[in-house]
Amino acid sequence: TTCPDSISRIVKIYPQFKGDFEYNGLLCPNSPINFVDLSTTTFGMVNYWKWSFDDNEFSTDQNPTHVYANIGKDFHVTLISGNNYGCRDTSDAVLKVPKVNVFAGNDTVIVKNTPFQFNGTGAVTYGWSPPTFLDNPFVRNPNAIFADTGTYVYNLQGITANNCYGYDDIKIIVADGPYLTMPNAFSPNGDGNNDQFKILSAGYKKLKTFKIFNRWGEQLFSTTDFKKGWDGTQGGKPCE
């Protein structure tokens, strides 16, 4: 128990490893954003990357490209990088991706040769196509007079103040005289698209009554206004 002993070994420390990255591209929904690894190491080589894009998407590429859907939020992007000696470092950045809500308007029915004004929203620059019947396809609210009956679909491209692109379309039914139709479905989910079940009409001066009942004969909705529709609720709560 009185015998001494000793041992010595070389411990190698590899200074230094630092993780870093940059990104480029428009911070817009559905627009590709390029991420570039800038990690550096004094010894060895950088050979490990794990990206987290804060939308349940990941990548192990050195320089990935990622696209964010149109949900509008701040995304906390992190990169864990490393070298062949096992050194690791974490770098991060917050990307502010706005939500784009370009809206061309609700589908509608009009009578032939009746003036109609479009009303696009959600952007600062607008472009309608095709330009048929429009007095100016590059404004938010062009005017049109349809000389022929039929169904016309117009696509709207809007550019926001952040230079983000958004798209929507509107269907115009042009009738030869008074016209009325009922949709066979609607989607009351609050996204601004087909949220109400209502009559599509043109050329009628007055709506006598429009009522909706459930299967037990209980009235859920009633109106005498062509512009109003049922939002799928009863007593302020969504129906089953």
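The values are calculated or read from the model by the stated rules, or taken from the named source; none is laboratory data. This one's a predicted model, so the numbers in the text were calculated from it and none came from an experiment. With ideal geometry, Cβ positions are generated from the backbone for all residues, glycine too; neighbour counts draw on all protein chains shown. All accessible areas refer to the heavy atoms of the entire protein, side chains included, with ligands and DNA or RNA removed. Shrake-Rupley method; radii C 1.70, N 1.55, O 1.52, S 1.80 Å.
Accessible surface area normalised per residue over the chain is 64 Å², counting heavy atoms of protein chains with a 1.4 Å rolling probe.
With both labels modelled 7 Å from their Cα along Cα-to-Cβ, the Asn214 to Asn113 distance reads 4.9 nm. Each part gets one Cα centre, and for region 211-240 versus region 148-209 those centres are 20 Å apart.
Accessible surface ranking for Ser6, Ser187, 1.4 angstrom probe, highest first: Ser6, Ser187. Basic side chains Lys and Arg get +1 at the Cβ, acidic Asp and Glu get -1 at the Cβ, and with that the dipole of the chain about its Cα centre reaches some 760 debye. The distance from the alpha carbon centre of region 57-124 to that of region 8-31 is 25 Å, rounded to a whole number.
Test of understanding: what is the full-extension gain from Thr132 to Leu207, defined as 0.36 nm times their sequence separation minus their Cα-Cα distance? Present the calculation step by step, with values, prior to reporting the outcome.
Values: separation 75, 0.36 × 75 = 27.00 nm, distance 3.16 nm.
Gain in length upon complete extension: 23.8 nm.
Assign one of three labels to region 181-240, namely rounded, prolate or oblate, based on the Cα gyration tensor with a ≥ b ≥ c the square roots of its eigenvalues; rounded applies when a/c is under 1.5, prolate when it is not and a/b is larger than b/c, and oblate otherwise.
Working: a/c = 2.06, a/b = 1.29, b/c = 1.60.
Oblate, because a/c is 1.5 or more while a/b does not exceed b/c.
For Leu38, neighbours were defined as the other residues whose beta-carbon sits under 12 Å from its Cβ, and their charges (Lys and Arg +1, Asp and Glu -1) total -3.
Between Asn155 and Val139, the simple spin-label model (points 7 angstrom out along Cα→Cβ) gives 2.4 nm. Placing a label point 7 Å from the Cα of Ser31 along the Cα-to-Cβ direction, the residues of region 133-166 whose backbone N falls under 20 Å from that point are 156-166. Between the beta carbons of Thr60 and Lys96, assuming R0 = 22 Å, the FRET efficiency works out to 0.30 to the nearest 0.05. Values (1) 24.9; (2) 14.1; (3) 11.9 are given for comparison; mean projected area of the Cα convex hull in nm², derived from the coordinates here, is the one labelled (1).
Mind checking the full-extension length gain between Lys227 and Tyr167? Use 0.36 nm per residue of separation minus the Cα-Cα distance, one decimal, nm. Write out the running numbers ahead of the final one.
On the way: separation 60, 0.36 × 60 = 21.60 nm, distance 2.45 nm.
Using 0.36 nm per residue and subtracting the Cα-Cα distance, I get 19.2 nm.
Classification of region 97-240 by its C-alpha gyration tensor yields an oblate form. The axis ratio a/c (a ≥ b ≥ c) is 1.5 or more, and b/c is at least a/b. Taking 4.7 Å between beta carbons as the limit, the unpaired Cys residues of the chain are Cys3, Cys87, Cys239.
Rank Val36, Ala93, Val109 by how far each Cα sits towards the positive end of the charge dipole of the chain (+1 on Lys, Arg Cβ; -1 on Asp, Glu Cβ) and give me just the farthest. About the Cα centre, the residue reaching furthest to the positive side is Val109.
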